[in-house]
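Chemist: Questions regarding the structure given below will be posed in turn.
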Amino acid sequence: MQNLVLEEYFKKDNFYKKVAEKVLNLEPLDFDSALKLYREGDLFFLGKLAKRLKEKIHGKKYYYTLNRHINYTNICNINCKFCGFHKRPGEKGGYTLSIKEIIKTLKTTPSLKEVHVVGGLNPELPYEYYIDLIKAIRENFPHIHIRAYTCVEIDWLSRISGKSIKDVLIELKEAGLNSIPGGGAEVFSERVRKELYPAKISAERWIEIAKTAHSLGIKTNATLLFGHIETEEEIINHLLKLREIQEETKGFYCFIPLAFIPENNELSYLPGPSAHQILKVIALSRIILNNFPHIKSYWVFLGIKLAQVALLWGADHFHGTVIEEKISELMKGEPVIKLPPAQIQRLIREIGGEPVEL
């Protein structure tokens, strides 16, 4: 890849040249062009183009943060077939952390810059728990960035409180919330939703909540869960829809392509995405979402080595130190290995990048 100049592909196919010109000028791709890239695009062309675009936006900089994940409960009253993290109410293995336990845990890592809080839809937890948790984190860590509660959780808070989405978000913001994680988007396909997670909110509801957050000045992330039963067309539709929303609101901060983990869930008969597909999706994410500030190489799902390679395929954000992450841990059956900042910096420098702590 390093020895093949992007322009050499233009001699092979004029389509590559037209696409590259649009992408590097930050113009949107139409559905047919994006789908053709996914189906027929050479993997190294995609990587080279995505990396060129990444460098146009960020230069040699690659980002990470000193963060920690808090998964406050795995008890959840919806049954997503791809999820090996959740336990039904009353099921063995379910847990819920008290606010005191969470604060005590966070105090063991006082250098944190960000806390990432997500969990299941636990019918045993009152609305006040969610508000009080944010308040407690803010009171104990005045300067930390609190990224908490996916759009799915925000919908749940609206339902159990009887409050509007806007009122819930305002209350969370007043409590100290800074931004919202991108989980729960899965793939914007009603067909897939009905098959894999029929009890989860629709794509339209997820988008409504994200847009409402953006209107209140709350940045959100966005995700795509791929490598299960989705089609190529559904992946492209998902990415193009996100780009359209970003043009409207400018409220998305980071996009995270999430590679489906096939272990310990109802879809374990599926192989999961190959490294080839993962790199293609990451490159296409950068190419299509050229109006998104960041594309994440989420090492927790990808593994450290493939996540490092993904930085050469258009990703610019290596997430962070994480410390622990129960979702992938319970699915893979192995603990997440925390990454110290020095190791993240080394991984970035090895691919010729400049590590930047956010």
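Chemist: Pop out the ³J(HN,Hα) list for the stretch 10-26 in order, Karplus 6.51 cos²θ - 1.76 cosθ + 1.60 with θ = phi - 60°, rounded to Hz; leave Gly and Pro as x.
Modeler: Each residue of the stretch 10-26 in turn: 5, 6, 7, 7, 5, 4, 4, 5, 4, 5, 4, 4, 5, 4, 6, 8, 6 Hz.
Chemist: For the residues I146, I209, what sequence is obtained by ranking on other C-beta atoms within 10 Å, fewest first? Could you put the intermediate results ahead of the total?
Modeler: Details: I146 20, I209 25.
Fewest to most other Cβ atoms nearby, the residues stand as I146, I209.
Chemist: Now for a different question. Note the angle between two axes, namely the Cα long axis of helix 203-215 and the longest principal axis of the Cα atoms of the chain, as a number of degrees from 0 to 90, rounded to the nearest 10.
Modeler: 80 degrees
Chemist: Would you grab the residues whose amide H sits under 5 Å from the one on H319? Only those 5+ places off in sequence or on another chain, please, with H modelled 1.01 Å from N.
Modeler: Close amide H contacts, sequence-distant or interchain: S297.
Chemist: Next up: Near the amide H of G251, under 5 Å away, which other amide H atoms are found, from residues 5 or more places off or on another chain, if H is placed in the peptide plane?
Modeler: Correct list: empty.
Chemist: To continue, here is another question. To the nearest Å, what is the center-to-center distance of the stretch 240-264 and the stretch 56-86, using C-alpha atoms only?
Modeler: 12 Å
Chemist: Which order, highest average first, do 152-164, 286-298 follow once you tally other Cβ atoms within 10 Å for each residue and take the mean per peptide? Each step should come with its number before you reach the end.
Modeler: Values: 152-164: 18.3, 286-298: 23.6.
Ranking the peptides 152-164, 286-298 by packing returns 286-298, 152-164.
Chemist: Net charge near Q246, counting Lys/Arg +1 and Asp/Glu -1 over other residues with Cβ under 12 Å of its Cβ?
Modeler: On the way: positive: K211, K219, K241, R243, K250; negative: E244, E247, E248.
Neighbour charge sum, excluding Q246 itself: +2.
Chemist: Specify the angular offset, from 0 to 90 degrees and rounded to the nearest 10, of the alpha carbon long axis of helix 165-175 from the longest principal axis of the alpha carbons in the chain.
Modeler: Result, in degrees: 80.
Chemist: Continuing with this model, one more query. Provide, as a two-decimal number, the C-alpha radius of gyration of the stretch 55-357 over 2.2 N^0.38 Å, N being how many residues it has.
Modeler: Details: Rg = 18.1 Å, N = 303, 2.2 N^0.38 = 19.3 Å.
Rounded to two decimals, the normalised Rg is 0.94.
Chemist: Let me ask something else about it. Quick one: net charge around L53, please, counting Lys, Arg +1 and Asp, Glu -1 for every other residue with C-beta under 13 Å from its C-beta.
Modeler: Numbers: positive: K22, K48, K51, R52, K54, K56, R286; negative: E21, E27, E55, D316.
Neighbourhood net charge equals +3.
Chemist: Between Q277 and E124, how many nm apart are label points set 7 Å from Cα along the C-beta direction?
Modeler: 3.6 nm
Chemist: Need one number: % antiparallel among DSSP beta bridges in the stretch 55-357, to the nearest 5. Walk me through the numbers on the way to the answer.
Modeler: On the way: 1 of 29 bridges.
Restricted to the stretch 55-357, the bridges split so that about 5 percent are antiparallel.
Chemist: How large is ³J(HN,Hα), in whole Hz, for each residue of the stretch 74-91 in order, when computed from phi with the Karplus curve 6.51 cos²θ - 1.76 cosθ + 1.60 and θ = phi - 60°, using x for Gly and Pro?
Modeler: These are the phi-based 3J(HN,Hα) values: 10, 7, 8, 9, 10, 10, 7, 5, 8, 9, x, 8, 7, 10, 6, x, x, 6 Hz.
Chemist: When the chain is fully extended, how far beyond the present Cα-Cα distance does K61 get from K173, taking 0.36 nm per residue of separation? Walk me through the intermediate numbers first.
Modeler: Numbers: separation 112, 0.36 × 112 = 40.32 nm, distance 3.03 nm.
My answer for the length gained is 37.3 nm.
Chemist: For the Cα atoms of the chain, what angle does the longest principal axis make with the long axis of helix 341-350, in degrees from 0 to 90, nearest 10?
Modeler: The angle comes out at about 10 degrees.
Chemist: Quick query: amide H of I70 versus all other amide H atoms, modeled in the peptide plane; which residues come in under 5 Å with a sequence gap of 5 or more or a different chain?
Modeler: For I70, the qualifying residues are H116, V117, V118.
Chemist: Tell me, how many Å apart are the Cα centres for the stretch 154-176 and for the stretch 88-147?
Modeler: Cα centroid of the stretch 154-176 versus Cα centroid of the stretch 88-147: 16 Å apart.
Chemist: Taking neighbour Cβ counts within 10 Å as the exposure measure, how do H143, H238 sort from fewest upward?
Modeler: Values: H143 7, H238 25.
Placing the least packed residue first, the sequence is H143, H238.
Chemist: Using 0.36 nm per residue, how much length does the chain from K100 to E21 gain when fully extended, once their Cα-Cα distance is taken away?
Modeler: Details: separation 79, 0.36 × 79 = 28.44 nm, distance 5.38 nm.
Computed gain between K100 and E21 is 23.1 nm.
Chemist: Further, regarding this structure: In deg cm²/dmol, rounded to 500, what helix-only [θ] at 222 nm does the chain give when every DSSP H run of at least 4 residues adds -39500 (n - 2.57) and the total is split over its residues? Intermediate results must be reported in sequence, preceding the final value.
Modeler: Numbers: 16 runs with 168 residues, N = 358.
Taken over the chain, the calculation gives -14000 deg cm²/dmol.
Chemist: Still on this structure: Going through the cross-link list K11/K241; K92/K163; K11/K296; K173/K219; K104/K338, which pairs have a Cα-Cα distance over 23 Å in this structure?
Modeler: Details: K11/K241 32 Å; K92/K163 32 Å; K11/K296 31 Å; K173/K219 11 Å; K104/K338 19 Å.
With Cα atoms farther than 23 Å apart: K11/K241; K92/K163; K11/K296.
Chemist: What residues from the stretch 135-173 fall in the zone where the backbone N is under 11 Å from a label point 7 Å along the Cα-to-C-beta line of S215?
Modeler: Counting only backbone N, you get 165-167.
Chemist: About the Cα centre, and with charges only on the beta carbon of Lys, Arg (+1) and Asp, Glu (-1), how big is the dipole of the stretch 55-357? Nearest 20 debye, please.
Modeler: Numbers: 38 positive and 35 negative charges, 111 e Å.
Charge dipole, the stretch 55-357, about its Cα centre: 540 debye, nearest 20.
Chemist: What would the Debye formula give as log10 I(q)/I(0) at q = 0.16 Å⁻¹ for the alpha-carbon point model of the stretch 120-195, no solvent?
Modeler: Debye intensities relative to I(0), on a log10 scale: -0.62.
Every number here is computed from the coordinates shown, using simple stated rules; none is lab data. Quick caveat: nothing in here was measured; it's all calculated off a predicted structure. Quick reminder, even Gly has a Cβ in these numbers, built from the backbone with ideal geometry, and neighbours come from all protein chains shown.
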